[in-house]
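This report concerns only the one structure given below.
The values are calculated or read from the model by the stated rules, or taken from the named source; none is laboratory data. Predicted model, so just to flag it, every value in this text is computed and none were measured. Note that we place each Cβ from the backbone using ideal geometry, even for glycine, and neighbour counts take in every protein chain shown.
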Amino acid sequence: MARTVSRPEMTLAEKAYVPEIVKGLKVTMGHFLKGLFTPETLPVQSYPEVPSVIPRNYRSKHRLMKRPDGEPRCVACMMCSTACPANCITIKAGESADGRIEKKPAKFEIDLLVCVFCGLCAEACPVDAIRMDTRVVALAADQRRKFKVGLKDLMDWDPKDYPESDTQSQKAPGGLLNAEARKQWGIS
Amino acid sequence: MIDFDLPFWLSCAKFALVFIPLCLIPICIFLERKGASLMQDRYGPNRANIPLLGGFRFFGFVQNLPDGIKLFTKENFIPRGAHTFWYLLAPMIPLAVALLTPSVIPWFGPMVVEGARGLTSVSGQILDADAGVLVLFALSGLSVYGVVLGAWASNSKYALLGGMRASAQMISYEVSMGLSAAGIFLVVGSFSLTQIVEWQAAHTWGIVVQPVGFVLFLTSLFAETGRAPFDMSEGESEIVAGYFVEYSAIRFGLYYMGEYAHIAIAGALVSTLFLGGYQIPFMDTEAVRANLGLVSGAIVAAIALTALGIAWMVRRWARIYARLSAKDATDRKREYGVLNILFTLAGIGMLAVAVALVVLVQPAKIAVAGIDVWPLWVNLGTAVVQVGTLLVKILAICWVFVWVRWALPRFRYDQVMALGWKIMLNVALVNLLVTAVVAKLVKG
């Protein structure tokens, strides 16, 4: 169905341009005076002294979830690296020490410069091993190779930084539910 | 041995006035940045500070310093295929022109002083030419050479496009600029800028007799200085940057400074032609001299009130502490505390000076060779007052430039040409015609 777009004719005052200029000048002067006399009302944040608040569900730098004993939860199934549209995940599988689990990643590397932060890896993971909720967005390094983060970097997170409601994170070593989880796993 | 000739040395001392537009450049840049940011609901530059002065930031004014250091220390790049001589020459032209133009602007009223050859009149212009305003227009038109030459010598098609657009625009608007200013020449009956200002002091400001001419002239000056909404010579999305795209470091800085010096000159020109020039409203030069104590006292009192107002603003801006980090808030508290005390003390001190000026300064004429003239200190004091008045008017016009830039969207190129040739030129011609008829009927 065709939609009629109304194109209102300009009035004489608008065509004359000068009254509209005066209106525009009023707007800018209003903003100027408001900012000058009540600077505390401006929608401004003193970044970087005051860090910005990033929501939990923001897709930021990745992390690998940990089992209660501190091993990576990843089973090296290659789902994430297959799903990755940027091909930034490199996984090399190795044998797991735990008899109940077949594989573990011997190498897990993400090139953060190549990553497009789409979140498909986190969605593809069948064991909820990779997450993108660290809220780290300011990635900086002086060399390109330092942007290739490996297992050690990805697992270097603290359960205390995550809320109590995030039970999966709290089962990792140092978390609130770790002792309980270790008991369930049968490890002391 | 040469006799000490006071008028000669006064004329030499007047050359210092050439540097006024240069001194106005950092103030204009500060005005632009702070005005722009507050109009866009931002704070604007506020991080640069002087470590030697306790990390004071002076509300972002210090930002000019690192910018200048950066421009001076960066690499002076010359692109391959550029015409080196012209490439190096071009950025100097706008700033050189901006340094030349103040020589024909009257900065204070003519004064009569006693010299080696009797009483001599010293003009407020460095170059007291009868056709001073023509010199001014000629110099103002010269600055387009810097733009076109730089654009052509850069050996870059984007720069050339920007330069062509700038030159076409400036030439178009120079026509309506001259024609809109012609009205005031007809009314006054002189090309001499000093006489135009004196006429305005005796009758009324030019903006009252030539309101249409004022608007046209101001608009033409926006186009002439290449400011928004007429910034055709620049355009990130169309021609990368404009005529200065190949310039880096201080050569780019020269263009940048030339633009702001041009704005200062434009402000001086508008003030001189339409806003009473160096005259204080409702007082001609003679009245200022007779009441120098009162006038200077009132001005110092006004400055004192401004200082107290700034102190009040500092206390007001202290409300943003709550939004800063702890360390930052401590630093700002210290700075704002010191500034508050400084400005309050300065305001109170200057109020005392104002009272002293009103009471103590009692100018009286002295007789030299049978003619009553004002003593030298009265003349010099009046000159200082009048230069200050003109500076205030220039800064007000500079503020209008900033204000308009952030209020209006820029024109398309064909709209600029249509406005210049089809509307402004015609309005200026009609204005000139009406003025000529009225002037003939009134003056006879």
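This table checks each residue for (1) in contact with a helix residue (DSSP H, G or I) (Cβ under 8 Å, 6 or more places away or on another chain); (2) among the β-branched types (Val, Ile, Thr); (3) closer than 29 Å to B:Pro102 by Cα.
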| position | (1), (2), (3) |
| --- | --- |
| B:Phe8 | no, no, yes |
| B:Leu24 | yes, no, yes |
| B:Leu31 | yes, no, yes |
| B:Ala36 | yes, no, yes |
| B:Gln40 | yes, no, no |
| B:Pro45 | yes, no, no |
| B:Phe56 | yes, no, no |
| B:Ile69 | no, yes, yes |
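Take A:Met10 and tell me if it is hydrophobic (A, V, I, L, M, F, W, C) and assigned to a loop (DSSP other than H, G, I, E, B).
yes
Test of understanding: among B:Ala36, B:Ala98, which residue is under 30 Å from B:Val144 (Cβ atoms), within 14 Å of another protein chain (Cβ to nearest Cβ) and within 27 Å of the chain's Cα centre (by Cα)?
One residue alone meets the criteria, B:Ala36.
Of the conditions (1) away from every other protein chain (no Cβ under 13 Å); (2) closer than 30 Å to B:Glu32 by Cβ; (3) of a type in the set (A, V, I, L, M, F, W, C), A:Val44 clears all except one; give me its number.
Unmet condition: (1).
Among the candidates A:Glu49, A:Glu20, A:Glu40, which residue alone is without any contact (Cβ under 8 Å) to a residue 24 or more places away in the chain, surrounded by fewer than 16 Cβ atoms within 10 Å (Cβ to Cβ) and assigned to a loop (DSSP other than H, G, I, E, B)?
A:Glu49
I'd like the full set of residues that are part of a loop (DSSP other than H, G, I, E, B), crowded, with 16+ Cβ neighbours inside 10 Å and free of Cβ contacts under 8 Å to residues at least 60 places away in the same chain, limited to segment B:46-96.
B:Asn46, B:Asn49, B:Ile78
If A:His31 passes every condition in (1) under 30 Å from A:Leu139 (Cα atoms); (2) within 14 Å of chain B (Cβ to nearest Cβ); (3) at pLDDT 90 or above but one, which one does it miss?
(1)
Could you identify the single residue in A:Lys61, A:Lys104 that is buried (at least 18 other Cβ atoms within 10 Å of the Cβ) and assigned to a loop (DSSP other than H, G, I, E, B)?
Within the list A:Lys61, A:Lys104, the selection yields A:Lys61.
Go through segment B:133-176 and count every residue that is within 22 Å of the chain's Cα centre (by Cα) and of a type in the set (Gly, Ala, Ser).
Qualifying residue count for the region: 7.
Could you please give the count of residues in segment A:52-66 that are within 14 Å of chain B (Cβ to nearest Cβ) and closer than 21 Å to A:Ser169 by Cβ?
Count: 1.
Residue-by-condition table, conditions (1) within 14 Å of another protein chain (Cβ to nearest Cβ); (2) crowded, with 20+ Cβ neighbours inside 10 Å; (3) closer than 24 Å to B:Leu193 by Cα; (4) of a type outside the set (A, V, I, L, M, F, W, C):
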residue: B:Gly349; (1), (2), (3), (4): no, no, no, yes
residue: B:Ala354; (1), (2), (3), (4): no, yes, no, no
residue: B:Leu357; (1), (2), (3), (4): no, yes, no, no
residue: B:Gln362; (1), (2), (3), (4): no, no, no, yes
residue: B:Val368; (1), (2), (3), (4): no, no, no, no
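Among the residues of segment A:119-139, what is the count of those that are modelled with pLDDT of 90 or more, part of a loop (DSSP other than H, G, I, E, B) and among the small types (Gly, Ala, Ser)?
2
Out of all the residues in segment B:39-51, which are within 9 Å of another protein chain (Cβ to nearest Cβ) and of a type in the set (D, E, K, R)?
B:Asp41, B:Arg42
Over 30 Å from B:Phe85 (Cα atoms) and either free of Cβ contacts under 8 Å to residues at least 24 places away in the same chain or aliphatic (A, V, I, L, M) (or both): does that describe B:Ile171?
It is false that B:Ile171 is over 30 Å from B:Phe85 (Cα atoms) and either free of Cβ contacts under 8 Å to residues at least 24 places away in the same chain or aliphatic (A, V, I, L, M) (or both).
Give me the pairs, please: first residue somewhere in segment B:151-167 and buried (at least 24 other Cβ atoms within 10 Å of the Cβ), second residue anywhere and charged (D, E, K, R), beta-carbon distance under 8 Å, and either six or more positions apart or on two chains.
Once the first residue is buried (at least 24 other Cβ atoms within 10 Å of the Cβ) and sits in segment B:151-167, its partners that are charged (D, E, K, R) give B:Ser154/B:Glu246; B:Ala159/B:Glu246; B:Gly162/B:Glu234.
Residues that are under 30 Å from B:His83 (Cβ atoms) and in contact with an Asp or Glu (Cβ under 9 Å, 6 or more places away or on another chain): does segment B:174-189 have at least one?
The answer is yes, given that some residue of segment B:174-189 is under 30 Å from B:His83 (Cβ atoms) and in contact with an Asp or Glu (Cβ under 9 Å, 6 or more places away or on another chain).
Matching residues to (1) in a helix (DSSP H, G or I); (2) among the aromatic types (Phe, Trp, Tyr); (3) more than 25 Å from B:Ala396 (Cα to Cα):
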{"residue": "B:Gly276", "(1), (2), (3)": "no, no, no"}
{"residue": "B:Gln279", "(1), (2), (3)": "no, no, no"}
{"residue": "B:Met283", "(1), (2), (3)": "no, no, no"}
{"residue": "B:Thr306", "(1), (2), (3)": "yes, no, no"}
{"residue": "B:Asp331", "(1), (2), (3)": "yes, no, yes"}
{"residue": "B:Ala346", "(1), (2), (3)": "yes, no, no"}
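Does B:Asn64 meet the test of being within 14 Å of another protein chain (Cβ to nearest Cβ) and either of a type outside the set (Lys, Arg) or under 19 Å from B:Asp328 (Cβ atoms) (or both)?
no
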